[in-house]
1. Could you count how many residues in the stretch 35-77 are assigned to a helix (DSSP H, G or I), of a type in the set (A, V, I, L, M) and modelled with pLDDT of 95 or more?
2. For the stretch 56-70, enumerate the residues that are surrounded by 14 or more Cβ atoms within 10 Å (Cβ to Cβ) and of a type outside the set (D, E, K, R).
Amino acid sequence: MEGEWLELDYSAPIWMLMHVCYLWRDVALSNGVLWANIDASLGGTWTPAQSLQKARLQMLELYLERSRVALLDLRIGLAYHDAYPRILPTLWAHRQRWWKI
């Protein structure tokens, strides 16, 4: 899946794959590589009350968890610098698995 990143919402194909049947769901959940290409751009201006930003941060944490020990291919948007204090500690905790940023 090089070059295709999972955005921090439910639009990624992996979510459709998981809804086909139980077997495909199990395959998707057991294969960390499918979760390892992550677009970690939160976008927008961060304010603590923004539920969309909180949901995206939770999605990032979910992708990192499901990627297990797979090397991470990360894309981080540079447009919204005020979101960095929220996402960088989460990503830094997985720095030993960074492959490309």
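The values are calculated or read from the model by the stated rules, or taken from the named source; none is laboratory data. Remember, predicted model here, so these are calculated numbers, not experimental data. Cβ: placed from backbone, ideal geometry, glycine included. Neighbour counts: every protein chain shown.
1. 2
2. Of everything in the stretch 56-70, those that are surrounded by 14 or more Cβ atoms within 10 Å (Cβ to Cβ) and of a type outside the set (D, E, K, R) turn out to be Leu57, Met59, Leu60, Tyr63, Leu64, Ser67, Ala70.
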